[in-house]
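Some notes on the structure that comes next.
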């Protein structure tokens, strides 16, 4: 029997030192039209005012907005429009996503799960577009067009492809005009984890994200486990993304931090071992070349971080100093 109640879109957000960006994200979701949203924010032990900012924001939303502050051991009611889930440890991106998804999956009214970065601003019609496009559940993951927040006329990503020689991920459409046509979904290997919707059918078959990456390659791994379920793109679902606000990811204007380089290249090798083992020699050679390039151009710390991550050497100070002892044990598997 078809449901008589309106469909609900579950939204999973992972926050870490996100006080400067997450309120704009929540404002944009609050302004969504034609959609019912249930939002779960996992705070990964932020050291800034993220928790206080979200709590204050929620209190100002009015009587029609239900807010719950929860922990991993508590149960949040499905009626809550926003749940702030306090993680006992910074377990990384997938840990935060999985914690939010586990809570949302317990709600039978939700069949679509939108994983959204805290530094994203969603267009008012994005949520409704996802709900309309995903009703058949005949897909694994879907996304819309992700645009640069500061250059909304330019594409940040329409998804990505993975080199079968090195495991390097390439963003499709990056820098092109926002008026460009979307690529064919079948031509893509994965969709950006900053703005991705998973179907309940896919999660039931593939499971949640693999948490041992800590940062980077989680969504790529997820997409490679989709089996025969396809990827899907939704033209009317636009999201504007800052990118790298908490972890120092690279962009056209800045070099990736040593912290980001360590996890990006460590996880590229980890991903290759799991899905593209014949590409391992090329993947390691690429690490050597990229590290040498950075070291020769003044990026000694960044280059060493690539070598440490790729070849299983001790994590550099740029990693150890950024994480608490508990988070470091999670990140390094110790």
Could you check how many percent of all C-alpha pairs in the range 203-334 are farther apart than 19 Å? 57
Can you give the % of DSSP beta bridges in the chain that are antiparallel, to the nearest 5? 35
Rg [Å, one decimal], Dmax [Å, integer] - the range 258-332, C-alpha atoms: 12.4, 36
Post the alpha-carbon centroid distance, the range 10-58 to the range 103-144, in whole angstrom. 16
Given the -39500 (n - 2.57) contribution per DSSP H run of 4+ residues, what per-residue ellipticity at 222 nm results for the chain, rounded to the nearest 500 deg cm²/dmol? -10000 deg cm²/dmol
With a/c under 1.5 counting as rounded, go ahead and sort the range 107-198 into rounded, prolate or oblate using the C-alpha gyration tensor (a ≥ b ≥ c being the square roots of the eigenvalues; past the cut-off, prolate if a/b is larger than b/c, else oblate). oblate
Taking N as the number of residues in the range 40-195, the ratio of its alpha carbon radius of gyration to 2.2 N^0.38 Å works out to 1.17
How much of the calculated P(r) for the chain lies past 24 Å, in percent of all Cα pairs? 54
Projected label distance in nm at residue 102 and residue 60, using a 7 Å step from Cα toward the beta-carbon: 3.3
Run the numbers for residue 274 and residue 31: contour at 0.36 nm per residue of separation, minus the present Cα-Cα distance, in nm. 83.4 nm
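Bear in mind these aren't lab numbers, they're just calculated from the coordinates by the rules spelled out. Treat the numbers as computed from the prediction; the structure is a model and nothing was measured. Ideal geometry is used to build each Cβ from the backbone, glycine not excepted, and the neighbour counts take in all protein chains shown.
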